[in-house]
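Working notes, beginning with the structure itself.
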Amino acid sequence: MRIAVTGSIATDHLMTFPGRIVDQLLPDQLQHLSLSFLADDLVVRRGGVAANIAVGLGRFGLNPLLVGAAGFDFAEYEQWLHASGVDTELVRVSRNLHTARFVCTTDADQNQIATFYPGAMTEAREITLAGAARRLGGLSLVVVAPNDPQAMLRHTDECRRLGIPFAADPSQQLARLSGHEVRQLVSGARLLFTNRYEAALLAERTGWTEGDVLEQVGAWITTAGADGVTVATKERPTVRVRAVPSAAPVDPTGVGDAFRAGFLAGTAWNWPYEQAARLGCALATVVLESVGAQDYGLALPLLTDLIRRTYGSSAAAEIESLFTCAD
Ligand SMILES: Nc1ncnc2c1ncn2[C@@H]1O[C@H](COP(=O)(O)OP(=O)(O)OP(=O)(O)O)[C@@H](O)[C@H]1O
Ligand SMILES: [Mg+2]
């Protein structure tokens with residue numbers, strides 16, 4: 001059975017302004033601010049949380065279904081996704097809106113002015129999963145990643161109604177969800193993903209203790225940047241996995257999504273949580289050492305080498321044998 005990844009599909013348009021933004025601000029003219037920066041560099045990167053996670057799963061050969069809304073400009077991005085092993089049949093393509101876009105200008109001080117336009121993403125709330133689940137003979141897991149908040153609630157409700165296991169990944173959308181909404185997104189999830197900050201925000205929003213959260217979910221996976229990850233469950237002691245150290249970090253964009261892709265691939269192959277988290281950490285480091293969230297090559301020998309150097313030879317041998325079983 002296949003994994004469906006719901007969430008945002010977006011592109012990042014990143015420009016560099018060689019001067020200093022603060023030098024352009026006239027304190028006594030701020031009430032009619034009108035500024036334009038002459039940028040000397042533009043990079044367009046493919047992103048969106050669901051697309052990032054789906055590309056990781058696609059490169060592992062899991063042929064995930066990407067579920068989200070994109071704009072009428074989606075054709076080129078779609079070709080890239082197909083080449084990465086992602087099924088886009090369930091992407092809703094808007095007739096009159098652009099794909100969600102993040103536009104950011106960074107200056108010589110690393111100060112930034114940015115705008116996020118959700119565009120077609122608001123149409124994600126129109127998508128239903130039932131038809132696809134029926135046609136495909138069921139879905140093994142639906143990932144509910146950051147998206148139009150109405151869509152996140154709808155996908156979660158549908159999973160509960162249809163009895164499809166789901167992974168709650170509210171991430172940055174936690175900031176704009178009410179306690180009631182967060183409880184709705186998390187209750188009954190097989191997996192819950194947060195980073196350390198989001199874990200605290202989730203507790204604050206819901207009023208739940210860690211024990212309360214673990215009554216609601218199968219496993220709670222919390223990432224802590226270079227400090228690694230914990231996997232907490234109600235039944236067993238918390239599993240702690242070190243991060244894979246990076247000798248040459250380049251760009252942290254998409255590390256959280258890469259971790260999820262590796263972890264979800266491991267769980268799709270029924271690996272124990274510890275091995276799945278190690279694979280997630282290794283893939284996160286590969287992405288940390290590349291520019292952008294999707295422009296990396298996935299070579300199994302490189303992943304097992306990173307795992308060997310961090311967790312030792314027997315851990316690497318174990319993962320190599322698990323890969324062989326997954327083929
Ligand atoms: N500096 C680092 N060195 C090694 N591994 C890292 C580093 N930063 C992140 N990682 C890896 O990536 C995983 C996710 O990182 P983190 O907890 O920063 O996620 P996040 O805050 O959700 O990131 P994102 O900005 O992508 O949303 C970590 O568990 C770790 O495996
Ligand atoms: Mg994150």
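The values are calculated or read from the model by the stated rules, or taken from the named source; none is laboratory data. Fair warning: this is a prediction, and the values are worked out from it, not measured in the lab. With ideal geometry, Cβ positions are generated from the backbone for all residues, glycine too; neighbour counts draw on all protein chains shown.
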Need the failing condition index for residue 248 against (1) under 21 Å from the mean Cα position of the chain (by Cα); (2) away from ligand 2 (no atom under 15 Å from the Cβ); (3) modelled with pLDDT under 95, just the number. (1)
Residues that are within 16 Å of ligand 1 (Cβ to nearest atom) and in contact (Cβ under 8 Å) with a residue 60 or more places away in the chain: find the helices (runs of 4 or more DSSP H) completely inside region 138-234 holding 2 or more of those. none
Evaluate region 71-94: report whether one residue or more is over 22 Å from residue 296 (Cβ atoms), of a type in the set (A, V, I, L, M, F, W, C), without any contact (Cβ under 8 Å) to a residue 60 or more places away in the chain and assigned to a strand (DSSP E or B). yes
Away from ligand 2 (no atom under 16 Å from the Cβ), touching a residue at least 12 places away in the same chain (Cβ under 8 Å), within 22 Å of residue 288 (Cβ to Cβ) and loosely packed, with under 15 Cβ neighbours inside 10 Å - does that describe any residue in region 259-269? no
Just give me the residues in region 98-137 being outside any helix (DSSP H, G or I) and touching a Gly at 6+ places or on another chain (Cβ under 9 Å), in sequence order. 98, 99, 100, 101, 102, 107, 108, 127
I'd like to check something: does region 45-67 contain any residue that is closer than 23 Å to residue 296 by Cβ, of a type in the set (Lys, Arg) and more than 16 Å from ligand 1 (Cβ to nearest atom)? yes
State whether the residues of region 14-26 include one that is in a strand (DSSP E or B), in contact (Cβ under 8 Å) with a residue 12 or more places away in the chain and in contact with an Asp or Glu (Cβ under 6 Å, 6 or more places away or on another chain). yes
Complete set of residues in region 169-224 that are within 21 Å of residue 243 (Cβ to Cβ) and away from ligand 2 (no atom under 16 Å from the Cβ): 219
